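What follows is a single structure, written as structure tokens, with notes after it.
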């Protein structure tokens, strides 16, 4: 994936990325600018207009997403593939109620009556552990907390029963207690619905305890792939550096190790 550069050339933001995903929880970690979010957006066809996706094949359930029609992409997007973005303050429509936005998503992918759509929207809000879905249904985004807004976003993305959910930093704007609640909701929904989940995050410790596999990105490339339970035994120097930079309770580590980067990791 490349974007125009100021000198008239092109900057490769993501390159050589290749992975498969089943009905599992896959974590993608890396520094800001490593290409995590752009990878997720490319799957959904949400790359900025000036961007160019140069993958040979981008396949979902037998369909090549790079060559299917725009109508097919729109059917898949939000229907079979959904994405939860980082901050509900910037992702939710400020002039529509929470309920109307959930209903709009459902009716875009299902031929249901307004009454049934409302019933299913209330059920979706309840499924993400919102205690009073009827009250929250009528509220506007500015009237709910960050954690409540994130739960509403998850309900909106899951109401059409997708087979794949891409969660881009879904807990970055939340406090630790609410983070755990949101992750528990995602874990429950993945287990119950049997869907695949891509969790994009900066938090190495979070993905190591939540995901099944971890892809480590650096400079637009995947430099390492490890089982989450074997992260401590990773051998790539960049992954080792990330692990070593984590603070550890009960250990006097002052100053913390500095992550050293080598240009060849991005080549």
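The values are calculated or read from the model by the stated rules, or taken from the named source; none is laboratory data. Predicted model only: the values in this text are computed from it and were never measured. Here Cβ is always computed from backbone atoms with ideal geometry, including for glycine, and neighbour counts include all displayed protein chains.
Just wondering, is there one or more residues in region 231-248 that are in a loop (DSSP other than H, G, I, E, B), closer than 30 Å to residue 127 by Cβ, touching a strand residue (DSSP E or B) at 6+ places or on another chain (Cβ under 8 Å) and modelled with pLDDT of 85 or more?
No, region 231-248 has no match at all.
So residue 37 clears everything in (1) touching a helix residue (DSSP H, G or I) at 6+ places or on another chain (Cβ under 9 Å); (2) surrounded by 16 or more Cβ atoms within 10 Å (Cβ to Cβ) except one condition, right? Which one?
With respect to (1) touching a helix residue (DSSP H, G or I) at 6+ places or on another chain (Cβ under 9 Å); (2) surrounded by 16 or more Cβ atoms within 10 Å (Cβ to Cβ), residue 37 is out only on (1).
Results for (1) at pLDDT 85 or above; (2) in a loop (DSSP other than H, G, I, E, B); (3) touching a strand residue (DSSP E or B) at 6+ places or on another chain (Cβ under 9 Å), shown as yes or no for each residue.
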site	(1), (2), (3)
27	yes, no, yes
39	yes, no, yes
49	yes, yes, no
71	no, no, no
93	yes, yes, no
116	yes, no, no
124	yes, no, no
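Quick check: is even one residue across region 131-146 over 16 Å from the mean Cα position of the chain (by Cα) and at pLDDT below 85?
There is at least one residue in region 131-146 that is over 16 Å from the mean Cα position of the chain (by Cα) and at pLDDT below 85.
Counting only residues that are at pLDDT below 80 and not in a helix (DSSP H, G or I), which one in region 166-221 is surrounded by the most Cβ atoms within 10 Å (Cβ to Cβ)?
171
Any chance you could count how many residues in region 133-154 are more than 26 Å from residue 81 (Cβ to Cβ), touching a helix residue (DSSP H, G or I) at 6+ places or on another chain (Cβ under 7 Å) and in a helix (DSSP H, G or I)?
Summing the residues that are more than 26 Å from residue 81 (Cβ to Cβ), touching a helix residue (DSSP H, G or I) at 6+ places or on another chain (Cβ under 7 Å) and in a helix (DSSP H, G or I) in region 133-154 gives 1.
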